[in-house]
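The values are calculated or read from the model by the stated rules, or taken from the named source; none is laboratory data. Please read these numbers as outputs of a predicted model, since none were measured by experiment. As a convention, Cβ positions derive from the backbone with ideal geometry for all residues, glycine included, and neighbour counts pool all protein chains shown. When the accessible area is computed, the model is the full protein with side chains, heavy atoms only, and any ligands, DNA or RNA have been set aside. Shrake-Rupley method; radii C 1.70, N 1.55, O 1.52, S 1.80 Å.
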Amino acid sequence: TAQPYNNAIEITNIPSPSWVSNQNMNLSNGQLGCRQYYFKNTSITKGSVKDFVLYDAHTTGLNIVSIGISRTSGGPITNVPVTNVSDTAFALVTSAILQAAGYGDSLGDQNDMYVTECVRVSGCGGGTYSSTIGVRWGTCTGSYCQDVTNTAGVQITVGTPNLVGGIHSSSEFKKCFGTDLQKNVLYITNSGSAPASNVIVSPYILGGNY
C-alpha cells in the first residue's frame, strides 16, 4: 500500500522580544544593573532554530557586562559569551549552550527563552543611554531569515552627584590658645541625583599652627 508523502515545510517564527523586568533603570556611574526580556518560537509547523544571535546596539558609555539565557523568568541562568564590536554586543547561542540550558540542541516550537542582560554605565554625565535589543537567525537569500528587535523605552538614565560641604556648628573655634585639642567637624552633603564614589577630602589650615 502506498504511503502518503508529507511535504510540510518546517518554519520557525520568532516575534519581537518583549520586556519582562527593569526595562528602564536609573544607574550611577559604574553601577551594575540587570534586566530581562523574552521571546518565543511561535512556529506551528514544528520548526526549530539553533545557532542564533542575541544582540544589543547601544549608546556609547553603556557597557554590556553579561548575557544569559534561561527557560523561565526565575530559572537558572546559562551564560552566553559576549563579543563587543564598537557599540554593539553580540552573543551567539549555539546548540551546546542550548543543551546546557535544558532546551536540547535547538529552540523548538512554542518554546520560550528568557534573556538576562546585565549592564554598567561608564559615562559620568547625566543623560539617557538607549539600547536596541534583537534576535537574528539563519541565512536566507544572502540575509538573515529573521531579525527582530525591540527598542520601546529601553533606556538607562544616569544621575549626577553634587557635593557641598562646610564646617558643622559643633566645631570649637574658641580654643585659640593652650594645649587643649580643638575639634572641627566638616560635613559633606550630596544634593545630586546619584551616589558619589571615591570621594577625597583634603582639609587644610590658612595661617596658624597645626
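Quick look at the numbers
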quantity	calculated
Counted residues, region 139-160 - those being open to solvent by less than 70 Å² (accessible area, probe 1.4 Å) and at pLDDT below 80	9
Residues located in region 92-114, provided they are of a type in the set (S, T, N, Q) and either in contact with a Cys (Cβ under 9 Å, 6 or more places away or on another chain) or on the phi > 0 side of the Ramachandran plot (or both)	Gln110
Which numbered condition Thr60 fails, given (1) in contact with a Phe, Trp or Tyr (Cβ under 7 Å, 6 or more places away or on another chain); (2) more than 21 Å from Ser18 (Cβ to Cβ)	(1)
Per-region count, region 30-47, residues open to solvent by 50 Å² or more (accessible area, probe 1.4 Å), in contact with a Pro (Cβ under 9 Å, 6 or more places away or on another chain) and assigned to a loop (DSSP other than H, G, I, E, B)	1
Contacts under 7 angstrom Cβ, first residue in region 62-77 being within 10 Å of Cys34 (Cβ to Cβ), partner in a strand (DSSP E or B) and open to solvent by 70 Å² or more (accessible area, probe 1.4 Å), 6 or more apart	Val65/Leu32; Val65/Arg120; Ser66/Asn79; Gly68/Asn79
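Here is a yes/no grid of residues against (1) surrounded by 10 or more Cβ atoms within 10 Å (Cβ to Cβ); (2) over 30 Å from Asn29 (Cα atoms); (3) at pLDDT below 65:
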{"position": "Cys176", "(1), (2), (3)": "no, yes, yes"}
{"position": "Leu181", "(1), (2), (3)": "no, yes, no"}
{"position": "Thr189", "(1), (2), (3)": "yes, no, no"}
{"position": "Val201", "(1), (2), (3)": "no, no, no"}
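Residue by residue, here is whether (1) under 21 Å from Tyr38 (Cα atoms); (2) in contact (Cβ under 8 Å) with a residue 12 or more places away in the chain holds:
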| site | (1), (2) |
| --- | --- |
| Ser106 | yes, yes |
| Gln110 | yes, yes |
| Met113 | yes, yes |
| Val119 | yes, yes |
| Ser122 | no, yes |
| Ser131 | yes, yes |
| Val135 | yes, yes |
| Ser143 | no, no |
| Gln146 | yes, yes |
